[in-house]
Amino acid sequence: MGCGGSKSTDTSPVASKKKGGVGKTEEEEEEEYYLREPESDPLELEDIVLGYPPPKPSKSRKDHIFTEQDKTAADSRAQQIKLEDYESIQDLARALTDGLINDVQKVRAIFTWIGLQGSKGGNSKKQPQQQEDPLSPQVIMQQVTQGKISYDFLFTSLCRAAGIPCVVIRGLGKSASYQAGDQDVDYLNHSWTAVYVSGGWRFVFPLWAFSGLVGHSTGTWTLVENQGKGTRQKEEESSGVTISQINDYYFLTDPEEFVYRCYPHDSKWQLLARPFTKQDFIEIAYCRPRYFQNHHRITTPNKCLYKSHNGVCDVGIKKLGKEDCIYTYKLYFNHKQSKTSISSEVQLERYVAVLNEGTSVRFRVRFPSEGIYKLQILDDDVRLCEFKLECDEDVSNVNPFPCNPESGFGPTTATEEAGLQPTSHRTGIISTKKTKNVNIRFNVTKNVLIETVLVHNNMEQTTLNKHVHHKVRGQELDINVDIPQEGEYALQINTKDKDTEGPYKNACNYLLTSENMNKRKRKYENAFEKKIRKDLQNETHYGKLDALKKALENFDKLDLEDKGDRQRAIERITYLSLRKELKDAIARRHGEKLEEAIDNAKNSEYKATLQKLIAEAEELLSQLRRLRRFAHEVLQMQQTTISEIHNYKHPKPLAYDIMKATYILLGEEERQVEEWEQILALMRRGGKQGLLRRVRQFDTVHVTENMVNHASQLLQPYSEERVRTSSAGLGTFYKWAVNVIDEVMASQDDDPPPQTEIQVQNPRTKK
C-alpha cells in the first residue's frame, strides 16, 4: 500500500517484484522486500482443479452469507486445534471442519487457525526433525512462517482436504510498494485465492490477511500540511517491520471492492458482471479497507490521479448511512520526483479548504508550488483513500485560504448542535462582487450569544470588523457582510450559551470570494459564453439530469463567473440525482440499493420534496424484507427433508396440492404441474439447491391474481396444523405459500379496484 507519513501501518505486504533502488546491494534489496511469498512453492499444487464450478459473479454480498454466529462457531473451533496433534493435512482439515454446519464456517475455521499460528510466533523458531514428513502440518507451517512456502499453498491445501473448492489466482496487487497514481503496475505480481461457498466464489487473500507491514516508507514524500497546520516533515526511507495479524477484510471480500486492489490476469476471476480493463485498474482511486468497511463514496471522479486547473484540485467524499463522520487530511509533496522544490519562504499552511456540501465533503487543494503531491483523506486518523495530484502550472499568484477552520466551510451537524439552523446558504462557498452585500440567515434554536468575525489574508481585523454585522430578530439570525474590496474572505460564526462565562466556540464558517483567486478574468462575456450560461440556466429550470450535467461541464470548462447559476445547477443536480436513485432502486426492487437510496434522500435537504418517493421505496423495502422472512424457514430446511418429499412415489393429495401450489406461485404454468412426475422433474431441475434458489430469489412482482386464486384453492382444504402433522417439510412450504398469498392480497387491497371483480380465496378461511 502507498506510504503515508514518516511512520505508517499497512495491512498488505510489499509486492513480490518491485523496481530496484539505485546503488543498493543484493542484501539490501532482499531486506527491503522480505515481506513476500516465494515465487513458486517447492511442493506441487494445481492452481485450478478440473471440474470446479466456473467463475461467475456473486449474487449476494459477504454480510449476507457470513454471520456473527458463523464467525463465533468457526473461531472457537480454530482456537481448540493444536498444530502438533495432527500428522497430515487431511487429519488437520477434518479436525478443523467436522461438525460445522456450512462451508462458510469451515473456510472460516481454516482461515482463523492459520492466522492464529502466525500470531503465536513460535513455529518459525522450532527446527523440524530430519525424519519429519515434508508434507506434515508442522513442517509446512514452519516453512510458511519462514517464507519458503506461501500462505496460498497452506490455505488451499486445507480447503481442498476439507472438500471445499479452492483455486489460486495470479495477477497484480496494489501493495506497499504501490504509489497512488502509478501508471506502471506490472511489477505488482501477487497471488491470492478464491473459495466456493454458499453457491458462489469468494475471495480470500491469505498473505494480506495474516501479515502486515508497519513503518514502511519510500522516503520520497514531505508532509507539507496536516489539518490546516503547515510543516516540512520529510519522511525517512524504511522497509518497515512485519507483524502477524488476522485482518477480516481479506476474508470473503466482495468482488466489487476487491478489484480496486487486485487485478487477476484472467478477467473471469474478477467475478464481476462488467470486468475492469487493466487501464481501469490503473486509473481507479486508491481506496483502503476502511473506505469500504465504513461505507464511504468518492463524489468527484473516481480516479487516483488529478491534475490541477488554475492551480486548484477538488476531491470529494461522503459517508453513506446515518452516522456522522469527521474527515481529516494530510497533504504531501514529492521532493524527489517534482521538478522544483518549495521555497523556504513559503508558509505551508491553509492551502487545503474543507468544503461541507450537505452530506458530502469536498477538499479544495491549492498548490504552493509546481510539483507532484499526494492527498490522504482520513477518518478517525485511519486512512481511507489517497490521490496523486499533479500541478504543472505557474502558481506564483496563488494564495492560501484566509483561514482553515477545523469544521471546514459550510454548515455541519455541529452548527445545529450549536443552536443555528441554516435557512439561506447551505454550502461553504459564497460568490459575491465588490461592494455587494451578502445576507446569510439562520433559525436560532437555542438560547445563545452570537459572534461574527470576518478574516482576510492582508487586512487588519479592526478594519474588517466594520464590514460584518448581525442581528437576532425573534428566532432568526440575520448576518450582513459588505465586501470592502475584491478578494477572498472567511466569515466565522461563533456561539456560546447565554448562561455561561466560557469562550465562544466556532459553529459555522463561509468562504466569501469576489474574484477568481488564480486567474485574471475579462469583465465581459462573448456571445459563445453567454450561450453557455443561458444553456445552463435553461437546463437548470427545465432539463433532465444528464443534459444538466453536460451543461454544467461546459460552463466549468470556460471557467465562467458563478453569479449563482452554478450553485443553482449543483443544487438541482443533487435533487435530480437523489430522485433518480430512488426511482432506479424501486424499479430494480433491490434491497441494498433501496436502503442506500432512502438513507441518501432522508439525509438530504430535499427530504420533504422527495417524501412521496421515499414512502414508496420504504414500503417496497418492507415488502422485500417480509418476503425474505417468509423464505427463511424454507432456506433452513435440511436436504434430507426435501429428499423425503422427492421420494414420494404415490403422494397423498395433500402433498401434491401443496407442492403444486408452491410451483404455481413460483411461476410454473398449470399444464407443467398436472402430474406428480412433472413436479418431481421440477424438483430435480437445477440440482439439490434448485428449489431453494427459486424461493430465495422469489419476488411477488410477477405473481398474478390467477396464480393466487389457483394456489389458494389448492391450499384451502388444509390447515397448517394438519399439514405439519403429516410432514414438517410440507408444512414449511405450506406456510411459505400462505404468507405469499397474504402478501399479494394485501398489496391488491392497496391498489384501485379492478373493473371486473375477482374473488380471491384465502386458504386460512374455512367455509
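The values are calculated or read from the model by the stated rules, or taken from the named source; none is laboratory data. Keep in mind that what you see is a predicted model, and the values were worked out from it rather than measured. We place every Cβ from the backbone using ideal geometry, glycine too, and count neighbours over all the protein chains shown. Quick note on the areas: whole protein, heavy atoms, side chains included, nothing else; ligands and nucleic acids left out. Shrake-Rupley method; radii C 1.70, N 1.55, O 1.52, S 1.80 Å.
Structure notes:
- Taking label positions 7 Å along the Cα-Cβ direction at both residue 706 and residue 558, the computed distance is 5.9 nm, reported to one decimal.
- Label-to-label distance, nm, for residues given as residue 299 and residue 499 (7 Å Cα→Cβ offset): 3.7 nm
- Residue 280 sits with roughly 60 Å² accessible to a 1.4 Å probe, with DNA, RNA and ligands left out of the calculation.
- Judged by the ratio a/c of the largest to the smallest principal axis of the C-alpha gyration tensor, the range 351-444 counts as oblate, that ratio being 1.5 or greater while a/b is no larger than b/c.
- Take residue 473: with every protein chain present and a 1.4 Å probe, its accessible area is about 140 Å².
- Modelled label positions at residue 568 and residue 232, each set 7 Å beyond Cα in the direction of Cβ, lie 4.9 nm from each other.
- Taken one residue at a time, the phi angles of the range 342-350 give Karplus couplings (6.51, -1.76, 1.60, θ = phi - 60°) of 7, 4, 5, 7, 7, 7, 8, 7, 6 Hz. Gly and Pro are set to x.
- At R0 = 56 Å, FRET efficiency that the Cβ-Cβ distance of residue 326 and residue 84 yields, to 0.05: 0.70
- Shape category assigned to the range 313-370 from the gyration tensor of Cα positions, a/c cut at 1.5: prolate
- Ranked by the mean number of other Cβ atoms within 10 Å per residue, highest first, peptides 96-107, 171-182, 449-460 order as 171-182, 96-107, 449-460.
- Averaged over its residues, the chain has an accessible area of 49 Å² per residue, based on protein heavy atoms and a 1.4 Å probe.
- The chain, accessible surface, carbon-and-sulfur percent (1.4 angstrom probe): 46 percent
- Cβ-Cβ FRET estimate between residue 283 and residue 648, R0 fixed at 41 Å, reported to 0.05: 0.10
- Scanning residues 5 or more positions from residue 197 or on other chains, those with amide H under 5 Å from its amide H are 202, with H placed 1.01 Å from N in the peptide plane.
- Per-residue ³J(HN,Hα) for the range 187-199, Karplus 6.51 cos²θ - 1.76 cosθ + 1.60, θ = phi - 60°, Hz, x for Gly and Pro: 7, 8, 5, 8, 9, 8, 10, 9, 10, 9, 9, 6, x
- Of (1) 81, 76, 50; (2) 97, 86, 58; (3) 128, 81, 53, the label for Cα extents along the principal axes in Å derived from the coordinates: (2)
- Percent of C-alpha pairs per 5 Å bin in the range 577-685, short distances first: 2, 11, 17, 14, 11, 9, 9, 9, 8, 6, 3, 1, 0.
- Across the range 460-550, counting alpha-carbon atoms alone, Rg and Dmax equal 19.9, 59 Å.
- Out-of-range pairs (alpha-carbon distance over 30 Å; input 322/583; 319/339; 307/602; 59/303; 388/557; 388/563): 319/339; 307/602; 388/563
- Oblate is the label for the range 251-384. Its Cα gyration tensor axes, ordered a ≥ b ≥ c, give a/c of at least 1.5 and b/c at or above a/b.
- For the range 74-79, the Karplus equation 6.51 cos²θ - 1.76 cosθ + 1.60, evaluated at θ = phi - 60°, returns couplings of 5, 5, 4, 4, 4, 5 Hz by residue, with Gly and Pro reported as x.
- Put simply, the C-alpha atoms of the range 129-251 give a gyration tensor, and the ellipsoid matching it has half-axes of 35, 19, 13 Å, longest first.
- Pairs from the table (649/735; 62/735; 336/550) lying more than 27 angstrom apart at Cα are 62/735; 336/550.
- Our analysis of the range 510-616 gives Rg over Rh at 1.09, with the two radii drawn from alpha carbon positions and Rh computed by the Kirkwood formula.
- Using a Förster distance of 35 Å, the FRET efficiency for residue 745-residue 273 (Cβ separation, nearest 0.05): 0.50
- Pairs of lysine residues in the range 433-502 - Cα separation under 30 Å, sequence separation of 8 or more or cross-chain: 15
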